[in-house]
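Here's the structure we're looking at; comments come further down.
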Amino acid sequence: MKIKSLILYIFSLLLITSACDDDLNSVGIGTKPERDNVTVYPDTVYLKAHTTTIKADPVYFDPNINVFLLGNFIDPLFGSLKADFINQFYATSSIFPETTESVDTVFLKLKYDSWLGDSIAPMVAKVYPATNDFNNSITDRKYKYTDIDLAQYASSSAWVTKTYTARDLSISDAVYYKSGYVKNLKLDISNGEINGEKIGTAFYNKWKNDPATFDNINAFRSFFPGLYVTTTSGTGNVLKLYSTELHFVYKYKYTDGEGVERDSTGTTILYSTSDLLQSCQYKNSSEQFPIGEFNRDTSYIKSPAGVYTQYTIPLNEIAQKIAQREINSVMFSVSSYPKDDWKYALNPPTKLMMIRKDSLENFFSESHSVAAPTSYKASFSNNTYNFSNISSLIRQGISEGKTELDVVLVPIFEKTTYTYYGTSQYLITIKTGYDISPAGVKLRTDNNYLRLLILSSDISQK
């Protein structure tokens, strides 16, 4: 048995080193134990006739991994993407200093590091107070998925409307390109009202008269359910946000070093955190894609929450080819066409996961990791996603008695957590989430680019 395992290991190494060679018939073994009779069989299964583009299910939004998108963008091939979100914020009774006298200015600051589209495309953002109905949605599974209709949780009147561009034209190049400058969209919501009072006054009075509200998360969310942020016009840009902050500018008194009481101003910042209700909505068009049509020259992937590519692996065909032999390796890679030749064309997803379709539904919501035999990952390189050896997936499907097996390709993002001991770095966790970065890719489906290269063997003793 140990000899057999060693031989199979050598087979796998031989296959990997010859994976770029279309002709596997040259694969063999130079030496083997004389008492063993080993035969190696290379086979190819083509997937063109088993490939289709399917509409993606709603994506689970994990604020520990995902970032928020805001804006609207139209791609000539991949269609439209519209994104907006609702955030709640965290506060305590120490929100203001004891000597605070008033809160006059409140603004929402959206920080971003990148965007899709034209940096000077004019966009119009609106901020609405969320209703308490959003608090009630905590028991509803839908608020964690990107197909939720967030507008239903917005109050009827916007607190602010602002025209903006991703490249803030009011900032000089000298400041904008200076190290340390933080790109942000600042939205003044000082005129917004809570129960008939300006938001700053309402927060101040609640803090002054009922500070316990700020120490109880449910009471605070009832007082201030959050903010809904959307765009109402403009189609050329989507911001990729990494932080949403609520700034309160307050007036207070202090005593200087000479004992003189003076007036001053300060700022308190409230942050949104992953343990609060946070929801992001993506509206994607998909009517331009050949949904559900097999045997085409191209399949598609669009992120976020757009379309996937599905392969129906013909297990019965594979089983017939290999008969009773042992499957040693199944090499699989996917090739793409070059991205479209226009200035703001979508980039291909950085990383794809191939997963059994029947394992996808709860993969992200239950915080699973990519692991054989149900899922594999590949990074984009030289117009190719190389999933390497997927033999355990094939073996599992055959052992379950299936005649075919559906798998899908899904964009993923992996967030790594490290710890440090002295100067050494140690990996703690790798958490996998759906990659919501706008992306699109056209995949080749013709036989020259889409096939399973199978190596099987038959080992018997003389």
Förster-model FRET efficiency, 45 Å R0, Ser172 and Ala49, C-beta, rounded to 0.05 = 0.15
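Suppose the chain between Asn218 and Asp113 were pulled fully straight at 0.36 nm per residue; how much longer would it get relative to their current alpha carbon spacing? Mind showing how you got there, number by number?
Numbers: separation 105, 0.36 × 105 = 37.80 nm, distance 3.20 nm.
This chain segment gains 34.6 nm when fully extended.
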Would you please name the trypsin sites (Lys or Arg not before Pro) within the range 91-176 that are DSSP coil residues with at most 11 other C-beta atoms within 10 Å of their C-beta?
-> none
For n ≥ 4 DSSP H runs only, could you compute -39500 (n - 2.57) per run for the chain, divide by its residues and tell me the 222 nm figure to the nearest 500?
-> -3500 deg cm²/dmol
Computed lengthening from Tyr254 to Gln396, 0.36 nm per intervening residue step minus Cα-Cα distance = 44.0 nm
Rounded tilt (10° steps) of 199-209 against the dominant C-alpha axis of the chain | 70
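Kindly provide the chymotrypsin sites (Phe, Trp or Tyr not before Pro) of the range 121-197 that DSSP labels as loop, not H, G, I, E or B, and whose Cβ sees at most 10 other Cβ atoms within 10 Å. Intermediate values should be presented prior to the final figure.
On the way: sites: Phe134, Tyr143, Tyr145, Tyr153, Trp159, Tyr164, Tyr176, Tyr177, Tyr181; in loops: Trp159, Tyr177, Tyr181.
Passing sites in the range 121-197 are Tyr177.
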Within the range 173-204, list the trypsin sites (Lys or Arg not before Pro) lying in a DSSP loop whose Cβ has at most 15 other Cβ atoms in a 10 Å radius.
-> Lys178
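State whether the range 78-171 is rounded, prolate or oblate according to the following rule on the C-alpha gyration tensor (a ≥ b ≥ c being the square roots of its eigenvalues): a/c under 1.5 gives rounded; otherwise a/b larger than b/c gives prolate, and the remaining case gives oblate.
Numbers: a/c = 2.12, a/b = 1.14, b/c = 1.85.
Judged from the Cα gyration tensor, the range 78-171 comes out oblate (a/c at least 1.5, b/c at or above a/b).
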Please check the chain for the longest run free of GluC sites (Glu not before Pro) that are loop-located per DSSP (anything but H, G, I, E, B) and have at most 14 other Cβ atoms within 10 Å.
-> 99-257
Probe 1.4 Å, accessible area per residue of the chain, Å² | 48
Would you mind calculating the gained length between Tyr426 and Asp147 on full extension (0.36 nm times residue separation, minus the Cα-Cα distance), in nm to one decimal?
-> 96.7 nm
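Would you mind giving the average projected area, over all directions, of the Cα convex hull of the chain in nm² with one decimal?
Its Cα hull, projected and averaged over all orientations, spans 30.1 nm².
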For the pair Ser179 and Asn195, the simple spin-label estimate (label points 7 Å beyond Cα toward Cβ) gives in nm 4.9
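The values are calculated or read from the model by the stated rules, or taken from the named source; none is laboratory data. None of these values were measured; they are calculated from a predicted model. Because the Cβ atoms are built from the backbone with ideal geometry, glycine has one as well, and the counts that use them run over all protein chains shown. When the accessible area is computed, the model is the full protein with side chains, heavy atoms only, and any ligands, DNA or RNA have been set aside. Shrake-Rupley method; radii C 1.70, N 1.55, O 1.52, S 1.80 Å.
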